[in-house]
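Here is the structure we will look at.
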Amino acid sequence: MNMKSKVDNKQAELFSEHMNERLKRVLTDVTMNAKGSMQLRIKEGKGLDDQPMKAYTKAYAKKKIEAGRSGKRDLMSVKNPQMLRSIHFAGIRQEGDKLVGVVTIAGKRNQLVALYNQKIDPWFGWSPNDQAEIKESMKEQLAQALGD
């Protein structure tokens, strides 16, 4: 004995659109949380490997300290706007069959400085600790969204 449930194409399409909107909200929240984790890691002076960033040269560190700033590489001292503050959530976009949350550096000058610093000691991206937080956040957000 079998029982069958049927969903017409219109119902399936509406359900798909509804779930896609929920997924976008989840991905937005997760990406915003991940951006915050990355900013906190950078503020703590840690790079992509979750280890302290390479030290500045002694002369440059001295110059920064004399200017009233930290002598450690934390990317907080780039002139207006500060590098850390220029990290922005750029939105959700479709890449093939996947939705992707995008985080970027705002401003041409900040992008150039970011690339320069990335070559010295990689910092922009998701570190292993960031990735673990992203996975946990994704689980929590999906469970909450599916429970609605």
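Things to note:
For every residue, the table says whether it meets (1) among the β-branched types (V, I, T); (2) out of contact with any strand residue (DSSP E or B) (no Cβ under 6 Å at 6 or more places or on another chain); (3) part of a helix (DSSP H, G or I).
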{"residue": "R69", "(1), (2), (3)": "no, yes, no"}
{"residue": "R73", "(1), (2), (3)": "no, yes, no"}
{"residue": "I92", "(1), (2), (3)": "yes, no, no"}
{"residue": "L112", "(1), (2), (3)": "no, yes, yes"}
{"residue": "P122", "(1), (2), (3)": "no, yes, no"}
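- Considering each residue of the range 92-105 in turn, none proves to be over 17 Å from M32 (Cα atoms) and hydrophobic (A, V, I, L, M, F, W, C).
- Index of the failed condition, L112 passing every other in (1) surrounded by fewer than 15 Cβ atoms within 10 Å (Cβ to Cβ); (2) of a type in the set (A, V, I, L, M, F, W, C); (3) more than 27 Å from R73 (Cβ to Cβ): (3)
- Residue in the range 92-101 that is exposed (fewer than 12 other Cβ atoms within 10 Å of the Cβ), within 16 Å of the chain's Cα centre (by Cα), among the charged types (D, E, K, R) and on the phi < 0 side of the Ramachandran plot present: yes
- Picking from residues in the range 35-69 that are of a type in the set (A, V, I, L, M) and loosely packed, with under 12 Cβ neighbours inside 10 Å, the one that is nearest to W123 (Cα to Cα) is A59.
- Cross-chain or 6+ apart pairs with Cβ under 6 Å, the range 20-35 first and more than 17 Å from V103 (Cβ to Cβ), then surrounded by fewer than 19 Cβ atoms within 10 Å (Cβ to Cβ): R22/A145
Values in this text are rule-based calculations from the coordinates and carry no lab data. The model shown is predicted, which means the values in this text are computed figures rather than measured ones. Note that each Cβ is placed from the backbone with ideal geometry, even for glycine, and that neighbours are counted across all protein chains shown.
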